[in-house]
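The values are calculated or read from the model by the stated rules, or taken from the named source; none is laboratory data. Computed from a predicted model, the values in this text were never measured in an experiment. No Cβ is skipped: glycine too gets one built from the backbone with ideal geometry, and neighbour counts run over all protein chains shown. The accessibility values were calculated without ligands, DNA or RNA, using every heavy atom of the protein model including side chains. Shrake-Rupley method; radii C 1.70, N 1.55, O 1.52, S 1.80 Å.
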Amino acid sequence: MILLDRVTVIYPNKTVALSGASLHIQPKEFVTIVGASGAGKSTLIRLLIKEEVPTSGKIIVGSIDYDTIDKANIPHLRRKIGVVFQDFKLLPNLTVYENVSFALEVSGVKNAEIKRAVPKILQLVGLSEKAHHYPSEISGGERQRTAIARALVRNPKILIADEPTGNLDPKNSWDIIELLLKINRFGTTVVLTTHNKEIVDALKKRVITINRGRVVKDEKVGKYTL
Ligand code: ADP
(Lines give C-alpha, C1' and ligand atoms only; values in the text may rest on other atoms or scores of the structure.)
Protein backbone atom coordinates (compact mmCIF):
# COMPACT_ATOMS: atom_id res chain seq x y z
CA MET A 1 0.00 0.00 0.00
CA ILE A 2 1.18 3.49 -0.85
CA LEU A 3 -0.48 6.36 0.97
CA LEU A 4 0.19 10.04 0.49
CA ASP A 5 -1.90 12.33 2.62
CA ARG A 6 -1.88 16.03 1.72
CA VAL A 7 1.77 16.03 0.78
CA THR A 8 3.42 19.33 -0.04
CA VAL A 9 6.98 19.76 -1.25
CA ILE A 10 8.47 23.24 -1.41
CA TYR A 11 12.07 23.33 -2.64
CA PRO A 12 14.57 25.71 -1.03
CA ASN A 13 14.15 28.12 -3.97
CA LYS A 14 10.43 28.31 -2.99
CA THR A 15 9.21 26.24 -5.97
CA VAL A 16 6.06 24.40 -4.91
CA ALA A 17 6.54 20.99 -6.58
CA LEU A 18 3.67 19.23 -4.83
CA SER A 19 0.75 20.96 -3.19
CA GLY A 20 -1.48 18.95 -0.87
CA ALA A 21 -1.28 15.83 -3.03
CA SER A 22 -3.16 12.80 -1.72
CA LEU A 23 -3.31 9.34 -3.22
CA HIS A 24 -3.82 5.78 -2.15
CA ILE A 25 -2.49 2.82 -4.14
CA GLN A 26 -3.47 -0.69 -3.07
CA PRO A 27 -1.14 -3.68 -3.17
CA LYS A 28 -0.99 -5.30 -6.64
CA GLU A 29 -2.44 -2.33 -8.47
CA PHE A 30 -1.10 -1.10 -11.81
CA VAL A 31 -1.22 2.69 -11.78
CA THR A 32 -0.04 5.20 -14.36
CA ILE A 33 0.86 8.72 -13.31
CA VAL A 34 0.66 11.37 -16.00
CA GLY A 35 1.34 15.07 -15.97
CA ALA A 36 3.03 17.74 -18.06
CA SER A 37 6.71 18.42 -17.59
CA GLY A 38 7.16 20.15 -14.23
CA ALA A 39 3.87 18.81 -12.84
CA GLY A 40 5.61 17.06 -9.93
CA LYS A 41 5.95 13.41 -11.03
CA SER A 42 9.69 13.08 -10.33
CA THR A 43 9.27 14.78 -6.98
CA LEU A 44 6.59 12.23 -6.12
CA ILE A 45 8.89 9.35 -7.07
CA ARG A 46 11.81 10.83 -5.13
CA LEU A 47 9.53 11.05 -2.10
CA LEU A 48 8.60 7.38 -2.39
CA ILE A 49 12.23 6.27 -2.43
CA LYS A 50 13.00 8.78 0.30
CA GLU A 51 15.42 10.84 -1.72
CA GLU A 52 13.22 13.80 -0.87
CA VAL A 53 11.27 14.64 2.27
CA PRO A 54 7.92 16.41 2.23
CA THR A 55 7.60 19.92 3.62
CA SER A 56 4.32 18.75 5.11
CA GLY A 57 1.94 15.80 4.87
CA LYS A 58 2.22 12.11 5.53
CA ILE A 59 3.67 9.20 3.55
CA ILE A 60 3.19 5.54 4.43
CA VAL A 61 4.44 2.66 2.26
CA GLY A 62 3.57 -0.85 3.41
CA SER A 63 3.82 -0.63 7.15
CA ILE A 64 6.52 2.04 7.07
CA ASP A 65 5.62 5.54 8.20
CA TYR A 66 8.16 7.86 6.57
CA ASP A 67 8.00 10.25 9.53
CA THR A 68 9.32 7.71 11.97
CA ILE A 69 11.60 5.53 9.83
CA ASP A 70 15.16 5.73 11.08
CA LYS A 71 18.22 5.95 8.87
CA ALA A 72 19.13 2.31 9.43
CA ASN A 73 15.83 1.25 7.88
CA ILE A 74 16.14 3.20 4.63
CA PRO A 75 18.03 0.38 2.82
CA HIS A 76 15.23 -1.98 3.88
CA LEU A 77 12.68 0.42 2.45
CA ARG A 78 14.62 0.75 -0.82
CA ARG A 79 14.62 -3.04 -1.15
CA LYS A 80 10.84 -3.00 -1.00
CA ILE A 81 10.71 -0.56 -3.89
CA GLY A 82 12.42 -1.29 -7.21
CA VAL A 83 12.92 1.61 -9.60
CA VAL A 84 13.73 1.79 -13.30
CA PHE A 85 14.44 4.97 -15.22
CA GLN A 86 14.30 6.23 -18.78
CA ASP A 87 18.09 6.09 -19.13
CA PHE A 88 18.48 2.56 -17.64
CA LYS A 89 21.44 3.50 -15.38
CA LEU A 90 23.33 0.26 -16.06
CA LEU A 91 26.99 -0.16 -15.20
CA PRO A 92 28.72 -0.21 -18.62
CA ASN A 93 31.67 -2.36 -17.59
CA LEU A 94 29.49 -5.16 -16.19
CA THR A 95 27.61 -7.75 -18.25
CA VAL A 96 23.83 -8.15 -18.10
CA TYR A 97 24.30 -10.97 -15.57
CA GLU A 98 26.74 -8.94 -13.49
CA ASN A 99 24.53 -5.84 -13.47
CA VAL A 100 21.78 -7.95 -11.94
CA SER A 101 23.98 -9.97 -9.58
CA PHE A 102 25.69 -6.81 -8.33
CA ALA A 103 22.36 -5.57 -6.95
CA LEU A 104 22.24 -8.67 -4.78
CA GLU A 105 25.91 -8.58 -3.80
CA VAL A 106 25.60 -5.06 -2.41
CA SER A 107 22.65 -6.16 -0.29
CA GLY A 108 24.77 -8.94 1.20
CA VAL A 109 22.98 -11.87 -0.45
CA LYS A 110 24.96 -15.14 -0.38
CA ASN A 111 26.63 -16.44 -3.55
CA ALA A 112 24.55 -19.60 -3.74
CA GLU A 113 21.38 -17.55 -3.63
CA ILE A 114 22.70 -15.16 -6.29
CA LYS A 115 23.49 -18.09 -8.60
CA ARG A 116 19.94 -19.33 -8.15
CA ALA A 117 18.11 -16.01 -8.45
CA VAL A 118 19.85 -14.27 -11.37
CA PRO A 119 19.25 -16.87 -14.13
CA LYS A 120 15.63 -17.13 -13.01
CA ILE A 121 15.02 -13.41 -13.28
CA LEU A 122 16.89 -13.17 -16.62
CA GLN A 123 14.60 -15.84 -17.95
CA LEU A 124 11.55 -13.93 -16.72
CA VAL A 125 12.60 -10.81 -18.64
CA GLY A 126 13.66 -12.84 -21.70
CA LEU A 127 17.39 -12.18 -21.49
CA SER A 128 18.92 -15.59 -20.77
CA GLU A 129 20.72 -15.56 -24.12
CA LYS A 130 22.24 -12.13 -23.54
CA ALA A 131 23.44 -12.79 -19.98
CA HIS A 132 27.11 -12.36 -20.86
CA HIS A 133 26.75 -9.36 -23.13
CA TYR A 134 27.73 -5.85 -22.07
CA PRO A 135 25.16 -3.02 -22.19
CA SER A 136 26.87 -1.61 -25.30
CA GLU A 137 26.25 -4.93 -27.07
CA ILE A 138 22.47 -5.06 -26.60
CA SER A 139 19.49 -3.03 -27.81
CA GLY A 140 17.72 -0.26 -25.88
CA GLY A 141 14.82 -2.59 -25.12
CA GLU A 142 17.23 -5.21 -23.79
CA ARG A 143 18.96 -2.59 -21.64
CA GLN A 144 15.63 -1.66 -20.11
CA ARG A 145 14.90 -5.37 -19.52
CA THR A 146 18.25 -5.63 -17.73
CA ALA A 147 17.32 -2.65 -15.55
CA ILE A 148 13.95 -4.26 -14.79
CA ALA A 149 15.66 -7.55 -13.91
CA ARG A 150 18.04 -5.70 -11.60
CA ALA A 151 15.11 -3.98 -9.86
CA LEU A 152 13.11 -7.20 -9.57
CA VAL A 153 15.81 -9.56 -8.38
CA ARG A 154 15.47 -8.26 -4.83
CA ASN A 155 11.79 -9.15 -4.86
CA PRO A 156 10.36 -5.69 -4.31
CA LYS A 157 6.69 -5.29 -3.43
CA ILE A 158 6.53 -2.19 -5.60
CA LEU A 159 8.12 -1.47 -8.98
CA ILE A 160 8.32 2.17 -10.02
CA ALA A 161 8.95 2.67 -13.72
CA ASP A 162 9.78 6.31 -14.39
CA GLU A 163 9.37 6.94 -18.14
CA PRO A 164 10.74 3.46 -18.90
CA THR A 165 9.91 3.73 -22.61
CA GLY A 166 11.15 7.30 -23.09
CA ASN A 167 14.22 6.16 -25.05
CA LEU A 168 12.62 3.27 -26.92
CA ASP A 169 10.92 2.82 -30.29
CA PRO A 170 7.23 1.77 -30.34
CA LYS A 171 7.92 -1.98 -30.66
CA ASN A 172 10.38 -2.05 -27.76
CA SER A 173 8.10 0.25 -25.75
CA TRP A 174 5.23 -2.20 -26.04
CA ASP A 175 7.47 -5.11 -25.10
CA ILE A 176 8.47 -3.27 -21.93
CA ILE A 177 4.83 -2.45 -21.09
CA GLU A 178 3.89 -6.12 -21.64
CA LEU A 179 6.69 -7.09 -19.28
CA LEU A 180 5.44 -4.64 -16.63
CA LEU A 181 1.94 -6.11 -16.98
CA LYS A 182 3.34 -9.61 -16.54
CA ILE A 183 5.27 -8.54 -13.42
CA ASN A 184 2.07 -6.97 -12.11
CA ARG A 185 0.14 -10.21 -12.73
CA PHE A 186 2.71 -11.99 -10.57
CA GLY A 187 1.68 -9.68 -7.72
CA THR A 188 4.02 -6.68 -7.78
CA THR A 189 2.47 -3.23 -7.52
CA VAL A 190 3.50 -1.21 -10.58
CA VAL A 191 3.64 2.58 -10.66
CA LEU A 192 4.38 3.83 -14.16
CA THR A 193 4.98 7.38 -15.33
CA THR A 194 4.82 8.05 -19.04
CA HIS A 195 4.13 10.72 -21.63
CA ASN A 196 2.98 8.12 -24.14
CA LYS A 197 -0.72 8.75 -24.77
CA GLU A 198 -1.12 5.68 -26.96
CA ILE A 199 0.16 3.42 -24.19
CA VAL A 200 -1.90 5.04 -21.43
CA ASP A 201 -5.12 4.87 -23.43
CA ALA A 202 -4.55 1.25 -24.51
CA LEU A 203 -3.70 0.06 -20.99
CA LYS A 204 -7.20 0.76 -19.63
CA LYS A 205 -5.77 0.90 -16.11
CA ARG A 206 -5.99 3.43 -13.32
CA VAL A 207 -4.58 6.83 -14.28
CA ILE A 208 -3.65 9.56 -11.81
CA THR A 209 -3.20 12.97 -13.41
CA ILE A 210 -1.00 15.57 -11.72
CA ASN A 211 -1.06 19.22 -12.63
CA ARG A 212 1.03 21.86 -10.90
CA GLY A 213 1.65 19.64 -7.91
CA ARG A 214 -1.97 18.63 -7.42
CA VAL A 215 -3.81 15.41 -8.13
CA VAL A 216 -6.43 16.72 -10.53
CA LYS A 217 -7.84 13.42 -11.77
CA ASP A 218 -7.84 9.83 -10.56
CA GLU A 219 -9.77 7.38 -12.73
CA LYS A 220 -10.10 3.61 -12.52
CA VAL A 221 -9.90 3.22 -16.27
CA GLY A 222 -8.18 6.41 -17.23
CA LYS A 223 -7.10 8.21 -20.37
CA TYR A 224 -4.21 10.48 -21.13
CA THR A 225 -5.77 13.93 -21.12
CA LEU A 226 -3.26 16.72 -20.59
P1 ADP B 1 7.99 16.40 -13.45
O2 ADP B 1 8.74 15.18 -13.04
O3 ADP B 1 6.50 16.17 -13.51
O4 ADP B 1 8.52 17.03 -14.70
P5 ADP B 1 9.27 17.65 -11.14
O6 ADP B 1 8.84 16.93 -9.92
O7 ADP B 1 10.63 17.36 -11.69
O8 ADP B 1 8.15 17.50 -12.27
O9 ADP B 1 9.23 19.22 -10.86
C10 ADP B 1 8.15 19.90 -10.22
C11 ADP B 1 8.54 21.37 -10.04
O12 ADP B 1 9.61 21.44 -9.09
C13 ADP B 1 9.05 22.04 -11.31
O14 ADP B 1 8.64 23.38 -11.27
C15 ADP B 1 10.56 21.93 -11.17
O16 ADP B 1 11.21 22.98 -11.85
C17 ADP B 1 10.75 22.04 -9.66
N18 ADP B 1 11.92 21.32 -9.14
C19 ADP B 1 12.20 20.00 -9.30
N20 ADP B 1 13.31 19.67 -8.63
C21 ADP B 1 13.75 20.80 -8.01
C22 ADP B 1 14.86 21.12 -7.15
N23 ADP B 1 15.73 20.18 -6.77
N24 ADP B 1 14.96 22.38 -6.71
C25 ADP B 1 14.08 23.32 -7.08
N26 ADP B 1 13.01 23.10 -7.87
C27 ADP B 1 12.84 21.86 -8.34
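Too long at a 25 Å Cα-Cα cut-off: which of Lys120/Lys157; Lys115/Lys205; Lys58/Lys217; Lys28/Lys50; Lys41/Lys110; Lys50/Lys204? Before the final figure, lay out each step's value.
Working: Lys120/Lys157 18 Å; Lys115/Lys205 36 Å; Lys58/Lys217 20 Å; Lys28/Lys50 21 Å; Lys41/Lys110 36 Å; Lys50/Lys204 29 Å.
Too far apart for the 25 Å limit: Lys115/Lys205; Lys41/Lys110; Lys50/Lys204.
For the chain, report the accessible area per residue in Å² (1.4 Å probe, heavy atoms, rounded to an integer). Mind dumping the intermediate values first?
On the way: 11340 Å² over 226 residues.
Dividing the accessible area of the chain by its residue count gives 50 Å².
Pop out the ³J(HN,Hα) list for region 71-86 in order, Karplus 6.51 cos²θ - 1.76 cosθ + 1.60 with θ = phi - 60°, rounded to Hz; leave Gly and Pro as x.
Result, ordered by residue: 3, 5, 8, 5, x, 4, 4, 5, 6, 6, 10, x, 10, 10, 10, 4 Hz.
What ³J(HN,Hα) values, in whole Hz, does the Karplus curve 6.51 cos²θ - 1.76 cosθ + 1.60 give for region 102-112 when θ = phi - 60°, with x put for Gly and Pro?
4, 4, 7, 4, 5, 8, x, 6, 5, 3, 4
Subtract the Cα-Cα distance of Lys217 and Asp5 from 0.36 nm times their separation in residues, and report this length gain in nm to one decimal. Numbers along the way, then the final one.
On the way: separation 212, 0.36 × 212 = 76.32 nm, distance 1.56 nm.
Using 0.36 nm per residue and subtracting the Cα-Cα distance, I get 74.8 nm.
Tell me, what % of the accessible area of region 90-155 is carbon and sulfur with a 1.4 angstrom probe? Kindly include the intermediate steps, with their values, before the conclusion.
On the way: 1750 of 3450 Å².
Answer for region 90-155 is 51 percent, counting heavy atoms of protein chains only.
What does the charge add up to near Val221, with Lys and Arg as +1, Asp and Glu as -1, over the other residues with Cβ less than 13 Å from its Cβ? Walk me through the intermediate numbers first.
Values: positive: Lys204, Lys205, Arg206, Lys217, Lys220, Lys223; negative: Glu29, Asp201, Asp218, Glu219.
Surrounding charge for Val221 is +2.
Step through the residues of region 209-221 one at a time and calculate ³J(HN,Hα) from phi using the Karplus curve (6.51 cos²θ - 1.76 cosθ + 1.60, θ = phi - 60°), rounding each to whole Hz and writing x for Gly and Pro.
9, 10, 9, 6, x, 10, 7, 9, 7, 8, 10, 4, 10
Taking K and R as +1 and D and E as -1, what net charge do the other residues with C-beta under 11 Å from the C-beta of His133 add up to? Kindly include the intermediate steps, with their values, before the conclusion.
Details: positive: Lys130, Arg143; negative: Glu98, Glu129, Glu137, Glu142.
Spelling it out: positives minus negatives among the neighbours equals -2.
Please report, to one decimal in angstroms, the Kirkwood hydrodynamic radius of region 90-155 built from all distinct Cα-Cα pairs. Write down the numbers at each step before the final one.
Numbers: mean 1/r = 0.0879 Å⁻¹.
In region 90-155 this quantity evaluates to 11.4 Å.
Show the residues, 5+ positions off or on another chain, whose built amide H is closer than 5 Å to the amide H of Val83.
Placed amide hydrogens put Ile160 under 5 Å from Val83.
Could you calculate the FRET efficiency of Lys115 with Leu77 from 1/(1 + (r/R0)^6), where r is the beta carbon distance between them and R0 is 22 Å, rounded to 0.05?
Working from the Cβ atoms, E equals 0.25.
Of Val53, Ser19, Gly82, which is farthest towards the positive pole of region 1-94's charge dipole, taken about the Cα centre with +1 and -1 on the beta-carbons of Lys, Arg and Asp, Glu respectively?
Gly82
Determine the order of Arg78, Arg185, Arg150, Arg214 by accessible area, beginning with the largest, at a probe radius of 1.4 Å.
Numbers: Arg78 90, Arg185 170, Arg150 55, Arg214 130 Å².
My answer, sorted largest first, is Arg185, Arg214, Arg78, Arg150.
Let's see if you can work this out: charge +1 on each Lys and Arg Cβ, -1 on each Asp and Glu Cβ, no other charges. What is the dipole magnitude of the chain about its Cα centre, in debye to the nearest 20?
Numbers: 34 positive and 23 negative charges, 100 e Å.
So the magnitude is around 480 debye.
Can you compute the helix-only [θ] at 222 nm over the chain? Use -39500 (n - 2.57) per DSSP H run of at least 4 residues, normalise by all residues, nearest 500 deg cm²/dmol.
Details: 7 runs with 75 residues, N = 226.
It lands at -10000 deg cm²/dmol.
Given the options Thr188, Thr68, Thr209, which has the most mean-square fluctuation in a GNM of the chain, springs set between C-alpha atoms less than 10 angstrom apart?
Highest fluctuation among the options: Thr68.
If contacts are Cα pairs under 8 angstrom and at least 6 residues apart, what is the relative contact order of region 90-155 in percent? Don't skip to the end; give the middle numbers.
On the way: 70 pairs, mean separation 32.7, N = 66.
Relative contact order of region 90-155: 50 percent.
Mind listing the long-range amide H neighbours of Ile33? Cut-off is under 5 Å, sequence gap 5 or more, other chains count too, H placed in the peptide plane at 1.01 Å from N.
Residues meeting the criterion, in which the H sits 1.01 Å from N, are Leu192, Thr193, Thr194, Ile208.
How big, in percent, is the set of alpha carbon pairs in the chain lying more than 27 Å apart?
Working: 8440 of 25425 pairs.
Here the tail beyond 27 Å accounts for 33 percent of pairs.
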